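The values are calculated or read from the model by the stated rules, or taken from the named source; none is laboratory data. These numbers were taken from a predicted model, which means no experiment stands behind them. Here the Cβ is made from the backbone with ideal geometry for all residues, glycine too, and neighbour counts use every protein chain on show.
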Amino acid sequence: MADSVRVFFFGLDSNLAKTMGRELGQGFEFRQCSSLEMPGEIEELRAWWDVILVDLTDVGCDGNLDAAFALLGQVNRLEQPPPIVAILDGEDRRLVVKAIERGAFDTMTGPADLNELRVVLRRAQKYREAERELARLRTEQTGPRQVCDLIGASQPMQEVFGMAEKVAGYDINVLITGETGTGKELLARAVHRMSPRQSNAFVAFSCVNLPETLIEDELFGHERGAFTGAISTRRGRVESADGGTLFLDEIGDLGVGLQPKLLRVLQERTFERLGSNHSQTVNTRVLSATNQDLPTLVRQNRFREDLYYRLNVVEIHLPPLRERKDDIQYLAQHFLERFAKQFNKEVRRFSPWALHALEEYDWPGNVRELSNTVERAVALAQTGTIDVWHLTRSARDVSRAAVLARTYEGEVREFKRRLILRTLRECGWRKAESARMLGVARTYLHRLINQLDIREEGEGEVDLTEPSTPPQHLV
């Protein structure tokens with residue numbers, strides 16, 4: 001049957017497997033392996049199975065139990081692994097938790113009630129279908145763009161990338177604004193790498209929380225004997241960036257006493273080391289960044305107006321992560337792959353609940369906080385999948401109710417809705433053009449718009465998420 005649930009059974013009791021395969025009846029296809037080892041015809045099975053059923057009620061000694069959990073780990077390391085349902089002997093909470101940690105989708109107590117088993121297997125099949133649909137939609141969607149180390153698919157980030165590419169080739173100063181953790185230094189490095197100065201030095205310096213005398217020495221250097229302890233001549237950051245790019249982070253914290261010296265570098269391309277009367281000439285491009293409102297600092301006489309205009313020939317604003325949530329899945333996957341390689345772990349994906357939790361959270365620490373959260377999750381994960389409980393408490397708790405209320409069908413529906421909405425907006429709500437971009441017939445797009453209750457801005461939109469009972473292992 002086309003809609004049959006294809007179940008592959010692992011267990012030591014061959015009689016139980018035969019009985020279960022017979023009793024499940026119509027709507028289920030059943031194959032078995034009377035051992036706890038992965039069969040040789042794995043490639044054939046990967047194209048066939050929907051659900052894996054593992055019997056842990058008769059594993060007996062610890063050796064067999066270890067083999068069973070090793071099997072669960074092997075399954076979850078497969079590309080697009082199927083959901084695993086584990087039948088356990090009794091209600092040992094530690095065993096249940098261990099099975100879930102090894103990647104079980106659901107558990108039930110043996111001997112299995114056939115009616116309950118049918119429900120669990122069908123639910124697991126729906127999970128499998130939804131994952132396949134999500135994977136298909138994500139491959140059809142326009143992928144993220146990467147400029148050097150910056151990643152983004154959202155419209156705000158496309159505008160950032162476009163502006164960076166435009167200004168990179170011109171020897172002008174750029175002011176990068178945005179909240180802490182948005183990636184301002186990464187953007188500065190991207191501008192440098194796309195510029196004619198890319199073969200020369202990129203020198204970064206943060207002006208935050210340092211005494212003015214130390215900042216002056218760091219930026220401009222000193223001559224031997226300029227002060228106690230100056231036993232040799234030292235080049236500053238401005239001189240080290242000669243021919244290249246100087247990036248000044250948190251420029252709003254630069255002291256008023258040093259601002260004229262930096263202005264002189266920008267206007268005349270000259271400076272003097274501490275303890276020297278000799279002016280030196282440099283050819284340095286200055287990129288700066290701040291999370292403060294510089295015009296307000298100018299009005300408060302805490303920042304020179306002429307310096308502000310010299311630094312701000314072009315301003316590029318990096319939006320906070322909460323304003324570009326379409327980028328979260330791509331950034332999270334990028335960090336997952338980076339830390340999995342760094343930690344030498346076989347972690348490959350996020351569960352739909354974990355991904356939804358990441359997208360629901362507002363990320364006050366922006367991309368930096370997301371990176372730290374994924375790093376922690378990869379370190380804690382014991383299987384190939386990161387789940388909700390691997391996330392930090394802040395990311396986990398803020399969306400717990402929403403995550404537990406979502407169904408996989410709802411996830412697919414919401415993903416389609418976001419994709420179509422974004423395409424319609426990009427095409428100015430021209431449905432023919434949107435259909436071409438999505439690669440679907442216009443009539444099919446109209447049907448999806450009606451099914452998903454998508455309305456043009458101003459008409460009002462409704463939330464289509466449907467509450468349902470979550471799988472047992474998340475309750």
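Tabulated data
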quantity	calculated
Enumeration of residues in region 304-346 that are surrounded by 19 or more Cβ atoms within 10 Å (Cβ to Cβ), modelled with pLDDT under 95 and in contact with a Gly (Cβ under 6 Å, 6 or more places away or on another chain)	Asp327
Residue match in region 394-409 (condition: buried (at least 19 other Cβ atoms within 10 Å of the Cβ), among the small types (Gly, Ala, Ser), modelled with pLDDT under 85 and not in a helix (DSSP H, G or I))	yes
Criterion violated by Phe202 - all others in (1) touching a His at 6+ places or on another chain (Cβ under 6 Å); (2) within 23 Å of Pro364 (Cβ to Cβ) satisfied	(2)
Hey, Arg285 closer than 24 Å to Ile386 by Cα and in contact with a strand residue (DSSP E or B) (Cβ under 7 Å, 6 or more places away or on another chain) or not	no
Cβ pairs under 7 Å, 6+ apart, first in region 419-440 and in contact (Cβ under 8 Å) with a residue 60 or more places away in the chain, second among the aliphatic types (A, V, I, L, M) and surrounded by fewer than 18 Cβ atoms within 10 Å (Cβ to Cβ)	Leu419/Leu137
Unique match (being within 28 Å of Asp387 (Cβ to Cβ) and out of contact with any helix residue (DSSP H, G or I) (no Cβ under 8 Å at 6 or more places or on another chain)) among Leu88, Leu78, Leu65, Leu56	Leu65
Those residues of region 211-225 which are part of a loop (DSSP other than H, G, I, E, B) and either crowded, with 16+ Cβ neighbours inside 10 Å or among the basic types (Lys, Arg) (or both), in sequence order	Gly221, Glu223, Arg224
Filter result for Asp149 (modelled with pLDDT under 85 and under 30 Å from Val265 (Cβ atoms))	yes
Selection from region 41-64 of residues that are at pLDDT 70 or above and of a type outside the set (A, V, I, L, M)	Glu41, Glu43, Glu44, Arg46, Trp48, Trp49, Asp50, Asp55, Thr57, Asn64
Failed item in (1) assigned to a loop (DSSP other than H, G, I, E, B); (2) within 23 Å of Arg189 (Cβ to Cβ); (3) β-branched (Val, Ile, Thr), with Val256 passing the rest	(2)
Criterion: assigned by TED's automatic domain parsing to the domain that holds Asp293, closer than 14 Å to Glu250 by Cα, part of a loop (DSSP other than H, G, I, E, B) and among the polar types (S, T, N, Q) - qualifying residue of Thr180, Thr228	Thr180
Members of region 300-331 found to be under 12 Å from Gly152 (Cα atoms) and of a type in the set (Val, Ile, Thr), listed by number	Ile328
Pairs where the first residue, in region 209-227, is closer than 20 Å to Val282 by Cβ and the second is surrounded by fewer than 13 Cβ atoms within 10 Å (Cβ to Cβ) and of a type in the set (S, T, N, Q), C-beta under 9 Å, 6+ apart	none
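Here's the yes/no breakdown for (1) under 19 Å from Ala381 (Cα atoms); (2) surrounded by fewer than 13 Cβ atoms within 10 Å (Cβ to Cβ); (3) without any contact (Cβ under 8 Å) to a residue 24 or more places away in the chain:
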position: Gly25; (1), (2), (3): no, yes, yes
position: Glu37; (1), (2), (3): no, yes, no
position: Gly40; (1), (2), (3): no, yes, yes
position: Leu53; (1), (2), (3): no, no, no
position: Leu56; (1), (2), (3): no, no, no
position: Leu65; (1), (2), (3): no, no, yes
position: Asn76; (1), (2), (3): yes, no, no
position: Pro81; (1), (2), (3): yes, no, no
